[in-house]
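Below you'll find the structure, written out as structure tokens, and then a few comments.
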Amino acid sequence: MTLRLLAVHAHPDDESSKGSATYAYYVSRGVEVMVVSCTGGERGDVLNDAVVERAMAERDMAGLRRIEMARAQAELGIQHRWLGFMDSGLPDEGDPLPANCFAQIPLEHSGPPLVKLVREFRPHVMLTYDENGGYPHPDHIRNHELAMHAFAAASDDTQYPAAGPAWQVSKIYYDRIFNSRRMKAMYQALLAEDPNSPLIQELADMRGWMAEQPYLATTQIPCGDFFEYRDRALRSHASQVSPDSRFFFWPNDLQRSAWPYEDYQLVSSLVSTIPGEADPLETDLFAGITDDLEPTL
């Protein structure tokens, strides 16, 4: 049985900052991995003043985001689909969302394209964000709502019958990659290895920022050998990610020694390996999915 993983993301570049080492790890194991970008990221600002294609970014951000996504896709060896919705941007508090943007479109209209894709690709596992979107960007929150809607609707042959035969996804996870335990482990490792490093204060600040967030992960994917794939994919989104950004690019040897994982939270499963409080963390998103469990209806 060929295993299949579907990751649903709001914008191009989200796939590279939230799970790309996991995707490259599973591709190396023969898993089919597909990333969905719900929007084109056309309302993104240029966050890297040194981007080579600055003129194109000013003239055609949507076109540049597609070029960057294709580069990231090639680095990771994944499949990719655009869902086709318009980026909502990140309005100031109290400002209205743009008309017809992704976050404004009702689920009954945004649901069918993703349900159709789920039924065609037939993933065993889906990845998405939590109810807060990972952070409260309107597209990330809508991304969560849409992914959970499609997870449920794809298995119900009374919903969206024109989208193809029903398919039951076995498991769905939330991204928990940025977490306080990871930051603490990296801080302690750097303090031991290089107590004079200028990065120590930045890690301390990040620890403080995340200190009150509970550790919710149930699953750690051992993908440290693929952190370079993640970094190359991130750098492919040059308009959005500076190549020397300290938010993303910590020394990979430090990360591998301190926290060689990407973390996820299992939130729904039809197989019998849901971790309990006394159970060890999963190390495989496909744990419990076997050849005799082909989850179709």
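For the reader, a short list of remarks on this structure follows.
- Just the protein heavy atoms count here, and of the accessible area of the chain at 1.4 Å, carbon and sulfur take up 50 percent.
- Shape category assigned to segment 168-257 from the gyration tensor of Cα positions, a/c cut at 1.5: oblate
- Mean Cβ count within 10 Å, highest first, over the residues of peptides 52-58, 85-91: 85-91, 52-58
- Mean ellipticity per residue at 222 nm, deg cm²/dmol - from DSSP H runs of n ≥ 4 across the chain, formula -39500 (n - 2.57): -11000 deg cm²/dmol
- Comparing 173, 23, 215 in a Gaussian network model of the chain, where Cα atoms under 10 Å apart are tied by springs, the biggest mean-square fluctuation is seen for 215.
- Stokes-Einstein diffusion coefficient of segment 12-98, Kirkwood radius over Cα pairs, 25 °C, 0.890 mPa s, in µm²/s: 172 µm²/s
- Listed residues 217, 152, 21, most fluctuating in the chain (Gaussian network, C-alpha, under 10 Å): 152
- Test item: Cα-centred dipole of the chain, Lys/Arg +1 and Asp/Glu -1 on Cβ, debye: 460 debye
- Cα gyration tensor, the chain - rounded (a/c under 1.5), prolate or oblate: oblate
- Taking 0.36 nm per residue of separation and subtracting the current Cα-Cα distance, fully stretching the chain between residue 82 and residue 70 would add 3.2 nm.
- GNM remark for the chain: springs join alpha carbons under 10 Å apart, and the peak mean-square fluctuation among 84, 224, 94 falls on 94.
- Unit charges on C-beta of K, R, D, E only; dipole of segment 1-113, Debye: 600 debye
- Contact order normalised by residue count of the chain, Cα under 8 Å, 6+ apart, percent: 24 percent
- Tensor-based shape of segment 81-126 (alpha-carbon gyration tensor, a/c under 1.5 rounded, otherwise prolate or oblate): prolate
- Take the chain with all the other protein chains still there, run a 1.4 Å probe, and you get 45 Å² of accessible area per residue.
The values are calculated or read from the model by the stated rules, or taken from the named source; none is laboratory data. Computed from a predicted model, the values in this text were never measured in an experiment. As a convention, Cβ positions derive from the backbone with ideal geometry for all residues, glycine included, and neighbour counts pool all protein chains shown. With ligands, DNA and RNA removed, areas are computed over all heavy atoms of the protein, side chains included. Shrake-Rupley method; radii C 1.70, N 1.55, O 1.52, S 1.80 Å.
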